[in-house]
Amino acid sequence: MARAMQVDIVTPDRSLFSGQADMVSLPGTLGQMGILPGHAPLLSTLDIGEIILHMGNDSRFIAVSGGVVEVRPDKVTILADTAETPEDIDAARAQDALARAEQLLASNPPPHERPVIEAAVRRSSLRLKVARRHVGRRQVEGLNFEGGNG
Ligand code: ATP
């Protein structure tokens with residue numbers, strides 16, 4: 001049996017996940033990182049992106065928007081600014097957030113406002129992507145493709 005490591009994911013509001021995983025893929029600010037049991041200790045900040053927990057034949061997907069990760073050989077601790085499982089995500093809310101942010105970008109905002117708006121685009125696009133991972137496809141795609149028969 002493969003060795004596993006303890007993974008804890010917390011946000012300021014709650015503990016999102018606490019359990020064992022065979023591998024964790026996460027969005028470090030320097031790029032996506034794959035962490036296996038026995039990894040050398042490290043600390044990294046997190047970008048907007050997807051955490052994937054590999055557990056045997058199963059995988060779990062989590063949308064994360066910033067934070068920090070501490071890796072130890074037997075434990076990965078993620079302190080996320082925000083984090084949601086596919087089931088947590090309100091796809092209609094993410095769709096609205098994306099539309100608002102895209103509208104703002106199209107309105108030629110001052111340069112100093114662009115990074116904040118671009119981050120909102122990335123967060124909402126990510127939430128839509130992660131929501132599609134597990135939530136019934138038709139339900140989510142119906143928001144994009146009216147009348148689609150998915
Ligand atoms: P919005 O404009 O819809 O508030 P946002 O990107 O500004 O989106 P954040 O500031 O990243 O929102 O998150 C605020 C809180 O709301 C966090 O707890 C986050 O987990 C939650 N959240 C944001 N968007 C969603 C969503 N689409 N579904 C469920 N929870 C969400």
Exercise. Is there a residue in segment 57-76 that is away from the ligand (no atom under 14 Å from the Cβ), closer than 22 Å to GLN6 by Cβ, assigned by TED's automatic domain parsing to the domain that holds VAL10 and small (Gly, Ala, Ser)?
Worked result: yes
Exercise. Restricting the search to segment 48-87, which residues are free of Cβ contacts under 8 Å to residues at least 40 places away in the same chain, within 16 Å of the chain's Cα centre (by Cα) and surrounded by fewer than 16 Cβ atoms within 10 Å (Cβ to Cβ)?
Worked result: SER59, VAL68
Exercise. Do we find that ASP8 is under 16 Å from the mean Cα position of the chain (by Cα) and under 28 Å from GLU118 (Cβ atoms) in this structure?
Worked result: no
Problem set entry | Number of the condition not met by ARG100 [criteria: (1) of a type in the set (D, E, K, R); (2) within 14 Å of the chain's Cα centre (by Cα); (3) under 15 Å from ARG122 (Cβ atoms)] | (2)
Exercise. Quick one: LEU104 ticks every box in (1) surrounded by 18 or more Cβ atoms within 10 Å (Cβ to Cβ); (2) aliphatic (A, V, I, L, M); (3) modelled with pLDDT of 95 or more; (4) within 14 Å of the ligand (Cβ to nearest atom) bar one, so which box is it?
Worked result: (1)
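The values are calculated or read from the model by the stated rules, or taken from the named source; none is laboratory data. Worth saying up front: this structure is predicted, and the values here are computed from it rather than measured. Cβ coordinates were reconstructed from backbone atoms using ideal geometry, including for glycine residues, and neighbour counts include every protein chain displayed.
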